[in-house]
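Everything below concerns the one structure shown next.
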Amino acid sequence: MLPMVLDLARLRLVLVGNGAAAERRLALLDEAGAADLSVYADDPLPSLAHAAGSRLVRRLPSAQELATARMVFIAERAARHARDLAAAARAAGALVHVEDEPALCDAHAPATLRRGELLIAVSTGGQSPALAVQVRRFLAALFGTEWQLRLDELAALRHGWREGGADSETVARWSEEWVGRQGWLTPNGATDDEGSLPAARSAAALDAIFAARH
């Protein structure tokens, strides 16, 4: 398995399914930024039809329509013709994911935890999606909503260092030092020399520290 992050704003996607599984998959795709998505359902739940809106096509996709997709999600194990649809999509060059059918999948959808642009994915290679969900819940207790602000802070620092001429290796080292100083990954929080929690430092303050040290 090779874990990758796909930019769904750039990819043509097809989702096939009628029920709750399709509705959950649609919500995940929307959350991930899917911009070019068609939902094919010949007998959709009303809630799925509402969520899909103008993207809904009330029938199964043709081979030609599958051929336009870069990735096809078949979101019901019991969906009619799932195996044939998967084979047709694969033959057309699309990646295929069939819900709860690892043998039919080219890609496995991990359980994901999002904190803004911070994305943590947990995969079992399709062997136990329930375990992946439990691990995600465990991580959710460790990585709260404050991580979005932390990422924004570090991204601003990184941008400033790159603009200042620092190379990739230096930026990586300074980033690691910043995270360590803040105690973000220390279970009980990092402390300074006087035993108190470290105060938040601005990009300018950190630049001054590194200028003196380097």
task = Please give the number of the condition Arg136 fails out of (1) closer than 30 Å to Arg181 by Cα; (2) loosely packed, with under 15 Cβ neighbours inside 10 Å.
result = (2)
request  = Hey, could you check segment 4-15 for residues that are within 12 Å of Ala69 (Cα to Cα) and in contact (Cβ under 8 Å) with a residue 60 or more places away in the chain and say which is surrounded by the most Cβ atoms within 10 Å (Cβ to Cβ)?
outcome  = Leu15
request  = Scan (1) free of Cβ contacts under 8 Å to residues at least 40 places away in the same chain; (2) farther than 14 Å from Leu26 by Cα for the single condition Leu56 breaks and write down its number.
outcome  = (2)
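Based on this model, can you work out whether Ala69 counts as assigned to a loop (DSSP other than H, G, I, E, B), aliphatic (A, V, I, L, M) and crowded, with 17+ Cβ neighbours inside 10 Å?
Working: assigned to a loop (DSSP other than H, G, I, E, B): yes; aliphatic (A, V, I, L, M): yes; crowded, with 17+ Cβ neighbours inside 10 Å: yes.
Criteria met by Ala69.
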inquiry  = So Arg137 passes all but one of these: (1) assigned to a helix (DSSP H, G or I); (2) over 30 Å from Cys105 (Cα atoms). Which condition number does it fail?
reply    = (2)
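Condition test on Ala88, is it surrounded by fewer than 13 Cβ atoms within 10 Å (Cβ to Cβ) and either in a helix (DSSP H, G or I) or of a type outside the set (Gly, Ala, Ser) (or both)?
Working: surrounded by fewer than 13 Cβ atoms within 10 Å (Cβ to Cβ): no; either in a helix (DSSP H, G or I) or of a type outside the set (Gly, Ala, Ser) (or both): yes.
In short, no.
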request  = Kindly establish whether Ser123 is farther than 26 Å from Asp43 by Cα and without any contact (Cβ under 8 Å) to a residue 12 or more places away in the chain.
outcome  = no
query = Of all residues in segment 18-40, which are modelled with pLDDT of 95 or more, in a loop (DSSP other than H, G, I, E, B) and buried (at least 16 other Cβ atoms within 10 Å of the Cβ)?
reply = Ala34
Scan of segment 41-56 for residues that are assigned to a helix (DSSP H, G or I) and over 17 Å from Ala9 (Cβ atoms), ordered by number = Pro46, Ser47, Leu48, Ala49, His50, Ala51, Ala52, Gly53, Ser54
query = Does Val5 count as closer than 21 Å to Asp84 by Cβ and not aromatic (Phe, Trp, Tyr)?
reply = no
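Would segment 113-134 turn up any residue that is in contact with a Gly (Cβ under 8 Å, 6 or more places away or on another chain) and either under 29 Å from Gln148 (Cβ atoms) or not in a helix (DSSP H, G or I) (or both)? I'd like the intermediate steps shown before the answer.
Taking segment 113-134 as the starting set, the residues that turn out to be in contact with a Gly (Cβ under 8 Å, 6 or more places away or on another chain) are 115.
Adding the requirement that they be either under 29 Å from Gln148 (Cβ atoms) or not in a helix (DSSP H, G or I) (or both) leaves 115.
For segment 113-134, residues in contact with a Gly (Cβ under 8 Å, 6 or more places away or on another chain) and either under 29 Å from Gln148 (Cβ atoms) or not in a helix (DSSP H, G or I) (or both): present.
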ask   = In segment 118-129, which residue that is loosely packed, with under 15 Cβ neighbours inside 10 Å and modelled with pLDDT of 90 or more is nearest to Glu76 (Cα to Cα)?
value = Leu119
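Kindly establish whether Leu29 is hydrophobic (A, V, I, L, M, F, W, C) and in contact with a helix residue (DSSP H, G or I) (Cβ under 6 Å, 6 or more places away or on another chain). Please lay out each step first, then the result.
On the way: hydrophobic (A, V, I, L, M, F, W, C): yes; in contact with a helix residue (DSSP H, G or I) (Cβ under 6 Å, 6 or more places away or on another chain): no.
No: the conditions fail for Leu29.
With respect to Glu76, is the statement that it is part of a helix (DSSP H, G or I) and touching a residue at least 24 places away in the same chain (Cβ under 8 Å) true? Quick ask: steps written out before the conclusion?
Details: part of a helix (DSSP H, G or I): no; touching a residue at least 24 places away in the same chain (Cβ under 8 Å): yes.
Spelling it out, it is not the case that Glu76 is part of a helix (DSSP H, G or I) and touching a residue at least 24 places away in the same chain (Cβ under 8 Å).
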request  = Please work out if Ala35 is over 16 Å from Ala94 (Cβ atoms) and touching a Pro at 6+ places or on another chain (Cβ under 9 Å).
outcome  = no
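The values are calculated or read from the model by the stated rules, or taken from the named source; none is laboratory data. Please read these numbers as outputs of a predicted model, since none were measured by experiment. Counting neighbours? That spans all protein chains shown, and the Cβs are built from the backbone with ideal geometry, glycine included.
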